[in-house]
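To start, the structure itself, in structure tokens.
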Amino acid sequence: MNINDGKYYLQPAILYKEQIQNEFRKKYYTQDMIYETGCLCNWLPEIKDTNDDNTFQYAIVDSTSDNKLIGYVAFQINWYFSCASNFGVISFDKGNYKIGVALQYIVNQIINDYKLHRMEWYVVCGNPAEKAYDRLCKKYNGYKHIYHDKIKDRQGNYINDAMYEIIF
């Protein structure tokens, strides 16, 4: 499979708005939601009918399975700072490699098409995606900054948070 195949997994989120929001609702009161929001709140993405030039929202679908919804990704670009940030990624189909293929396609777009200078994102430590983010960061000679005891879970335990940055 060619990494360019990732574009076939990305569809405008507005086409899947109700499905995406229902999948998020299923995550309420779970550890998945703290990984998504970084806090104890339950949250739904605000999927807009029309996006501005700075906000990108995609449904990640399985193009080989009747475009079944398998995830959601959103991010913003600050063109003045030449930076992609505020990433939100959630998988509705744990372990599906096509999520990673779609995300690598987005990273390639950021580097090659948008020619941005940097990208940055946060992850709650312990998130199953953290290892993949570590590999991505290493691949592009990025940095991972750990914020110790930043988040408190429902059981009262403190969790570390990490910020990744990659300069291209």
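The values are calculated or read from the model by the stated rules, or taken from the named source; none is laboratory data. Quantities reported herein were computed from a predicted structural model and do not represent experimental measurements. Counting neighbours? That spans all protein chains shown, and the Cβs are built from the backbone with ideal geometry, glycine included. The accessibility values were calculated without ligands, DNA or RNA, using every heavy atom of the protein model including side chains. Shrake-Rupley method; radii C 1.70, N 1.55, O 1.52, S 1.80 Å.
Restricting attention to region 33-52, and to residues there that are in contact with a helix residue (DSSP H, G or I) (Cβ under 9 Å, 6 or more places away or on another chain) and among the β-branched types (Val, Ile, Thr), which single residue is modelled with the lowest pLDDT? Within region 33-52, the match that is modelled with the lowest pLDDT is Thr50. For region 92-149, a residue qualifies if it is of a type in the set (Phe, Trp, Tyr), open to solvent by 40 Å² or more (accessible area, probe 1.4 Å) and outside any helix (DSSP H, G or I), and the qualifying residues are Tyr114, Tyr122, Tyr140, Tyr143, Tyr147. Residues in region 9-28 that are more than 18 Å from Phe75 (Cα to Cα), touching a residue at least 24 places away in the same chain (Cβ under 8 Å) and of a type in the set (Phe, Trp, Tyr): there are none.
Consider Ile77 carefully, then state whether it is in a strand (DSSP E or B) and touching a strand residue (DSSP E or B) at 6+ places or on another chain (Cβ under 7 Å). So Ile77 fits the description; yes. Scanning region 67-82 for residues that are open to solvent by 10 Å² or more (accessible area, probe 1.4 Å) and without any contact (Cβ under 8 Å) to a residue 40 or more places away in the chain returns Lys68, Gln76, Asn78, Trp79, Tyr80, Phe81, Ser82.
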